[in-house]
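S.K.: Attaching a single structure in structure tokens format; questions to follow.
Only the coordinates and a few stated rules stand behind these numbers; no lab work does. Model, not experiment: these values are computed from the prediction. A quick note on method: Cβ atoms are made from the backbone with ideal geometry, for glycine too, and the neighbour counts reach across all protein chains shown.
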Amino acid sequence: MTYDTQNTKTGGSTAVDSGVAASSSRPILEVKDMCKTFITKERTIVALDHVSLSVKPGEFISLVGPSGCGKTTLLRIIDGLEKADAGLRALDGVPLDGVSQEMAYVFQDINLLPWRSVLENAALGLEARGVNKKDRHERAMEVLEMVGLASFASAPPYTLSGGMQQRVGVARALAVRPKVLLMDEPFGQLDNFTREALQIEIANLWAKLGTTIVFVTHDVDEAIFLSDRIALFQPNPGRLTEIVDVDLPRPRTDYDVRAHPHAIEFRSYIMSHLRGGKGTLE
Ligand SMILES: Nc1ncnc2c1ncn2[C@@H]1O[C@H](COP(=O)(O)OP(=O)(O)OP(=O)(O)O)[C@@H](O)[C@H]1O
Ligand SMILES: [Mg+2]
């Protein structure tokens, strides 16, 4: 069992540093010294204070921390939906500016377009990227099959349950074949049973497709079940304080993970860390 007490803030030379697309071992996604302060009439909030993170190709990494520690802000900045005050980001060694077409974002609140069919909703990201109708419908159908919703392709979204709508959101993101999939509490509004089913589905999709995933969650068990690594955040100012390697065997089943002695230790360590305690992990 291992953990990294130094976040990547103090790491060595990176593609972001050099701007050079280098070796095959380079991270697929790099964030360096990201800073963001929100100033409102009432207060000034340091949402991100020099956050750095390197994500390996094919990795499943979760961002976990108390409300207000900057997880969504970081994800939005990674995608280009929000502009940072300072800091750099790079995809595959190439510095990014603006919204990246090579990443896809799954929101907590999926907001499917009610006047469009499930298929047309799943094809939205492709449409935005200028893919022609025939190709986008083919690719949307392919991902709907992956998430078990092919038979609902022509249905309007309001006929779907919350879990099914969330699956459409995942399909919409996967349809663009992103290099990195960003997911912000995608299962946060679902009941426990649906949530567990979708956790297993996303783990299977991830294993099958090899897509790099950056996943935000409040749920420590969800993070342990899904992740290769878990980045722990603290608020005021929002900062990355530690990265935990979840070196549990794969494939994982929910039962195995819950019962695994290391998982129990991870859980108590992470909870203690998030409550501000120090905790130890051997
Ligand atoms: N547009 C904004 N204007 C002002 N303050 C903002 C804005 N967006 C975020 N903040 C503040 O920045 C801090 C970080 O917010 P953020 O949404 O990133 O946190 P979070 O970790 O995602 O929280 P949660 O777990 O509740 O989703 C919070 O204090 C929040 O109030
Ligand atoms: Mg959030």
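S.K.: Mind checking whether some residue in the stretch 72-83 is farther than 21 Å from Thr217 by Cα and either touching a residue at least 60 places away in the same chain (Cβ under 8 Å) or more than 16 Å from ligand 2 (Cβ to nearest atom) (or both)?
M.R.: yes
S.K.: Within the stretch 213-237, can you find the residues that are of a type outside the set (D, E, K, R), out of contact with any Phe, Trp or Tyr (no Cβ under 8 Å at 6 or more places or on another chain) and more than 24 Å from Ala47 (Cα to Cα)?
M.R.: If the condition is that a residue be of a type outside the set (D, E, K, R), out of contact with any Phe, Trp or Tyr (no Cβ under 8 Å at 6 or more places or on another chain) and more than 24 Å from Ala47 (Cα to Cα), then Phe225 is the only one that fits.
S.K.: Let me ask something additional. So is Ile110 touching a residue at least 24 places away in the same chain (Cβ under 8 Å), more than 13 Å from ligand 2 (Cβ to nearest atom) and in contact with a strand residue (DSSP E or B) (Cβ under 6 Å, 6 or more places away or on another chain) or not?
M.R.: No: the conditions fail for Ile110.
S.K.: Separate question: Does the stretch 202-214 include one or more residues that are over 15 Å from the mean Cα position of the chain (by Cα) and within 16 Å of ligand 1 (Cβ to nearest atom)?
M.R.: no
S.K.: Of all residues in the stretch 53-63 being among the hydrophobic types (A, V, I, L, M, F, W, C) and farther than 15 Å from Cys35 by Cα, which is nearest to ligand 1 (Cβ to nearest atom)?
M.R.: Leu63
S.K.: In the stretch 90-109, which residues are touching a helix residue (DSSP H, G or I) at 6+ places or on another chain (Cβ under 8 Å) and either hydroxyl-bearing (Ser, Thr, Tyr) or within 16 Å of ligand 1 (Cβ to nearest atom) (or both)?
M.R.: Ser100, Tyr105, Val106, Phe107
S.K.: Scan the stretch 64-74 for residues that are near ligand 1 (Cβ under 8 Å from one of its atoms) and buried (at least 22 other Cβ atoms within 10 Å of the Cβ) and report the count.
M.R.: Number of matching residues: 5.
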